[in-house]
Structures are given as structure tokens and as C-alpha cells.
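Since the structure comes first, as C-alpha cells, the remarks are kept for the end.
The values are calculated or read from the model by the stated rules, or taken from the named source; none is laboratory data. Just so it is clear, the model here is predicted, and its values are computed rather than measured. Glycine also receives a Cβ, built like all others from the backbone with ideal geometry; neighbour counts cover every protein chain displayed. Note: areas computed on protein heavy atoms with side chains; ligands, DNA, RNA excluded. Shrake-Rupley method; radii C 1.70, N 1.55, O 1.52, S 1.80 Å.
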Amino acid sequence: MAERKEKFYLTTPIYYTNGLPHIGHTYTTVVADMIRRYKRMRGYEVVMTTGTDEHGVNVERAAKKAGIPESEYVAKMAETWRALWDELGIAADEFVRTTDLQHVRTVQWLFKLCRENGYVYKGHYTGLYCIFDNAFVNEPKPGNLCPDCDRPLETVTEENYFFKLSAFQKPLLDFYKKNPDFIQPEARRNEIIAFVEGGLRDLSITRTTVRWGIPVPGEEPHVFYVWFDALSAYLSAVGGPDFAKRGMWPADLHLVGKDIIRFHTVYWPAFLMAAMLPLPKQVWSHGWFLMDAAKMSKSKGNVVLPRPIVNMLGMDALRYFLLREVVFGQDGNFSYDALVTRYNSDLANGLGNLASRTAALIEKNFGGKIPKPGTYKPQDDALAKETQAAIGEVLERYEKMEFARALEAIWAVIALADKYLTSEQPWALGNSPEEQGRKGTILWTTSELLRIVTVLAHPVLPQSTEKIWTLLGQSGSVAAVPLDGLRWGQLSPGTQLGKAQTLFPRVDKNEAIERIEAMANEELNPAPAPTPAATPAHTPAAAGPGAAAAPAGIAQIGIDDFTKVEMRVGQVKTAERIVGADKLLKLTVDIGTEIRQICAGIAQFYEPDALVGRKVVVVANLAPRKLRGVESNGMIVAASVGPEGRPVLAGFLEDVEIGSRLK
Ligand SMILES: [Zn+2]
């Protein structure tokens, strides 16, 4: 039997299903995928786990609002997450759902072990409770009101099972001391140690007031509560009670956001110690991407979605930006401006340009075959030496999770190559044997540098490096190249180059940002679907918290509500199409008191010219919003006809004065 490779098991958090994946989740998953690729190239057998946390009272509520059973609701959400990771090329090896039978077994088994070892007891939990929402409230509004429904809260005591977390203060502190790398980065480690030194309170791990959870066997209506359930997913993904068979546990790395580091470095190791199971080797907490210095959140409306960026610039560009822009472990600022700037400078003008330039020169001077190097000059030797040194540095940076520094080192080599080509000017050399020989040396040297850069950048840029690999005429996949065997001088002269590849086409910054914003806007605020059944499952309207239900009937409103809507007769002054938005027209409309710019989703059914002069109904007091990057101040009223919702503009049979109000 072949000797088994060394294993590496890493996880992302098991994401809470009651929301949609945004750039924050994408960041963690991209980092995990990058580490997975890197470790594989270093010869490890790697398993990466992600998944969805599907229990709890919030899921119960969202399902109720949507009018579907919880099981159906979470199945849809899990599919949304799974599909996005697939689409982005970062699907994990294991996708664990906390409603999986294997996971249920694992949680119950872990509980049994903790209880047998004397770390579980029955007690009482007292807290503020909302009878209406059927949930304990941790952060009440002033005056002890429910933050969700504003009703007064009551103090309720319920029977719970408790985990004896207090017994693990010393064992945990000893463990941190013996394993100084367990909590990373350093600043987080110090915080956690201070927290544990401050004393640990026992932890309530079951509820009788929550219905949608994993039952405690023989103790119904107790179900497991949040962390005892969710954290166990890392273990259930690789075998649960039978983890030894798979040989992946303990985890080598849990990647987490800094908001959940405490649960992963205090609760989780304590549960495992209580069950006498092996502990994970490391927990790495990364920072957040901030948008205009505020944490992204759906309620603030500053959420960045991955899909529009990928549609515009490609997944590799997003990966590169996320890993290059911030020091892993710290917070970073996210801006489309910085994203597109980096794309153009580092990818289009940097790596992409080096690859296409080198290939074009070889094509022109050597019929597309990688030339044989002749005699080296000192500048050739210097470039070889610098590139060889970069291999060691990049691997060391990757190993220390210094991704930005690793990429900096790779791009420093790319910059050297640009400088080298500019000073050596192979295109200015003639066809004499001597000059042709010199050209060969320069172009072999550049190609060899490009080959090494391609291998080193592969974990971060998996798609484009495969393209460059093919362009360089290399066989197989770059993913299969062992990083530890990578050295200067391995490129064979005479290799026929592959077909030219489009790598990173340069984009106009303003146009690119506008298009990304427009696509994001459309994903966050989808046009209302004509029928509830036609609403795609992945839109926020169908799945976001608090917006889960498509109303079964239309609620009645009073006259007061109706008079809040200011509808006026307007006349279209100008109409034009919007580049990159095939459904939208940009109109200017005279509403009597002023001329408004309004976007309308009617471009597929109305010619702009035919609209000029037409009288329309305008909702005049709709808050301004941006559609495809274009400001819209108001809305044109139209009927939505047929299953595809064809718009038909509302109008008048008699002549009406511009600005008249509809009542
Ligand atoms: Zn409430």
C-alpha cells in the first residue's frame, strides 16, 4: 500500500442560513480555498469543510413568514449557499448541513460523552422572554421591550442543560500556553486569554422554548442550543463518532471571523476536552471588510455581493483583491475603486501583459517555440537569482498566512521582468546569429520567470494561471506541480507555445464600477416578480430575514395610507437607452413643478423616441434610488401584463394638465 500523504483539514464557519452570502462570507471561503490549493501543491491530502447552520428560532420565524415548513426553508437556503460556492469555483470538499442525520448523531453523541464524563447538569435559565416571538431576548430595547416586535418582555425561567464551562478555565489556559499558535493572530490570543482569566460561567446548551433544533435524546422537549449544535459540524463533516476511520480529525485549521473567535477558542475546545476528543490545532480569526469604514450589513445597505464583481472582472480578480488588499487578520477597506485600480495595474498591466508580451515575442522571433538560452550576461543571472529567492520567500509567506506579502513578493518579480524587457529590448535586436542568440536568452529567461510566477500564483489565481500554463505549452495542470520541487531552470527549450489566451482585458474604471453597482443593485432590489411562484429562490426578497414572505393576499390599507403616495401626471421630455442595461430607459419627465430624471424598466417594450411627449403617471414622492448607476427620482406607473410581466404604461383617454394629482 502506498504511504499515506500527510493530511490537512480546514474549515470555514458553518454559515447561518438566515441570510445571503456576501463578500464577508466569500472572503473566508476564498481564503480557505486558497489554502487548500496551496497545501495540495505542497503534497498534503486536504479536506475543506463549509456548510450551513440551519436551526434556531430565527429560522423557525422566517419559515413561518414564508409559509413553508422549516425543512423546506433551510433546504432552499442551503442550496443557495452551495450553488454560489459552486458558481464561484470555491465549493468545499464537505458541505455539512446541521439538519443532516450524520450531524444530528454527532451532536447527540458528543452530548452523551460530556454527560458521562460529568460535565453536564440540569439547571435553570432565567432571561427576558418575548411570548409573542417565543424567544429569549439578549439585548432588549430600553424599557424592556422586544427588539423585534416592541412588545413588553417577561422574565421567564426555563429548565436547561448546562455545560460545566467553569471547570475548564485552568485546562484551557494550560492548553493555550502549551500551544502558543492555537489562537491567531496574536492580538486575538491575548484577548481570549484575558477573557478566560476573568473566569468562565457555565453555559446553557439546551432550550425547551425552541422547537426547531436537534432533540436531546430522551429529554424532549429539550433541543440543543446554538453553539453545541453548530460547532460540532466540523467533526460531523469528517465522520462524527466514526472520525477515526476518515483520519481527518482533529482539524488543522478553523478559519473564523473575529466576532465568533471566542466560541471557537473557548467553548469548542472545552466541549472536546469534556468529551476527551482531540482538539483542533489552530483557529485563525480574520478581520472584516469595511465599506466606508462601517461593517457591512444588509440593514445599512452597504453590502457588497460577489456575483456582480465576478461577472465584470472574473473570480480571479476578486480573489486577488481580497488576498492582496489587506493583511490577513486585520480589517480592510473595500472599495470598487481600489478593486478596479488593482485589477488594471496588477492583473491587466502586470501579469496579463507580461504573459501576452512574452508569447508574442516568441511567436514572432522563434515561430512559437521556447528558445534555447545562450550565454548569460550578469543581468540574466541577477534575474534568475532574484526569482529563485522569491520562491522561498513566497512559500514562507503563504505558510505564515501572510497572503498579501506573498503576492507582493510575486509581483515584485513581475516588475523585475518588465524592467528587464524594457532595458534589454529584445524587439530591437536583429537577425544575426549573435543577436538571435541574445534574443533567445532574454526570451527563455522571461518565459522561465513567467512559469515560476504562474506556479506560485496558482493558489490565488487558479483560473488564469491554468491559461498561462497552457499558453506556455506546459502539459497537465499547474495545480499538479509540486511547490517543493519548483526551481529556476526547469523550462525546456523547444516547447511549442499553446494558443493565445484572453487573460485580464483592461477595463475603463468608471464604466466597470457603474456596471458592478448596477448588477448589485439589481440583485439586492430585484424587480417585483409578477407572481410569487416566479420569484427566484436566491433573491433577497425570497430569502432575507424579515422579508421572507410573498404575501398570500394583498393587505387592505386605509385612505391615509393611500394619500401618502403622491401620483402626478407627467410628460416625457427625453428618453434614451442606458448602456449595459437592456431593460432600462432613462427619461426626463416634466411633472409640472419640476423636471425629473426617472429610470423605467420598459426598454424591451417601448422605443425611446415614441415616448417623447407622452403623458404618464409618476409616483412623485418615491425616495431617490440608483438603477444601473443612474439616479432615478420617482417611478412611472405601468400595468404588469401576462406571466412575464410585460409593462404597459398607464395613461389618459382625455387630455390632462401636466402636474395634476391623481386621487
Ligand atoms: Zn417580540
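Cross-linked pairs Lys170/Lys400; Lys385/Lys467; Lys39/Lys400: Cα-Cα separations exceed 23 Å for Lys170/Lys400; Lys385/Lys467. Computed per residue of the chain from DSSP H runs no shorter than four, each worth -39500 (n - 2.57), the mean residue ellipticity at 222 nm is -11500 deg cm²/dmol.
Before I look further, what does the chain give for accessible area per residue, probe 1.4 Å, in whole square angstrom? Each step should come with its number before you reach the end.
Values: 30300 Å² over 663 residues.
Value for the chain: 46 Å² per residue.
Residues whose amide H falls under 5 Å from that of Met635, counting only those 5 or more places apart or on a different chain, are Val619, Leu622, with hydrogens built in the peptide plane. Once the C-beta distance of Glu396 and Lys509 is scaled by a Förster radius of 41 Å, the resulting FRET efficiency is 0.75 to the nearest 0.05. Annotation for Thr341 and Glu116: the two label points, set 7 Å from Cα along the Cα-Cβ direction, are 6.0 nm apart.
Label sites at Ala500 and Thr126, each approximated as a point 7 angstrom past Cα along Cα to Cβ, lie 7.8 nm apart. At the residue level, Glu219 shows approximately 40 square angstrom of accessible surface with a 1.4 angstrom probe and all protein chains present.
Count the DSSP beta bridges whose two residues both fall in the chain, then state the antiparallel fraction as a percent rounded to the nearest 5. Each step should come with its number before you reach the end.
On the way: 52 of 74 bridges.
Of all bridge pairs located within the chain, approximately 70 percent are antiparallel.
Segment 451-483 and segment 25-44 have their alpha-carbon centroids 15 Å apart.
Taking 12 Å as the straight-line reach from the Cα of Lys377, the aspartates and glutamates in range (excluding those fewer than 8 positions away in the same chain) are Glu424. Exceedance of the 23 Å cut-off in Cα-Cα distance is limited, within the set Lys364/Lys499; Lys7/Lys164; Lys76/Lys112, to Lys7/Lys164; Lys76/Lys112.
Run the numbers for Glu654 and Lys626: contour at 0.36 nm per residue of separation, minus the present Cα-Cα distance, in nm.
Values: separation 28, 0.36 × 28 = 10.08 nm, distance 3.32 nm.
Gain on stretching Glu654 to Lys626: 6.8 nm.
Got the relative contact order for the chain handy, in percent, Cα pairs under 8 Å and 6 or more residues apart?
Working: 1123 pairs, mean separation 77.5, N = 663.
Normalised by residue count, the contact order of the chain is 12 percent.
Note on Lys663: lysines with a C-alpha under 21 Å away, same-chain residues under 8 apart excluded, are Lys564, Lys615. Using a simple spin-label model with pseudo-atoms 7 Å out from Cα toward Cβ, Lys364 and Ala382 lie 2.5 nm apart. Structural size metrics of the chain, computed from C-alpha coordinates, are Rg and Dmax of 29.9, 93 Å. Packing around the peptides 512-519, 30-37, taken as the average count of other Cβ atoms within 10 Å per residue, puts them in this order, highest first: 30-37, 512-519.
Counted residue by residue at 0.36 nm each, then reduced by the alpha carbon distance between them, the extension gain from Ser475 to Asn333 reaches 47.2 nm.
Highest mean packing comes first when the peptides 140-150, 396-406 are listed by Cβ atoms within 10 Å, giving 396-406, 140-150. Ligands, DNA and RNA excluded, the heavy atoms of Tyr376 present near 90 Å² of accessible surface to a 1.4 Å solvent probe. Computed extension gain for Asn179 through Asn138, at 0.36 nm per residue and net of the alpha carbon distance, reaches 11.4 nm.
Of the solvent-accessible surface of the chain, computed with a 1.4 Å probe over protein heavy atoms with every protein chain present, carbon and sulfur atoms account for 52 percent.
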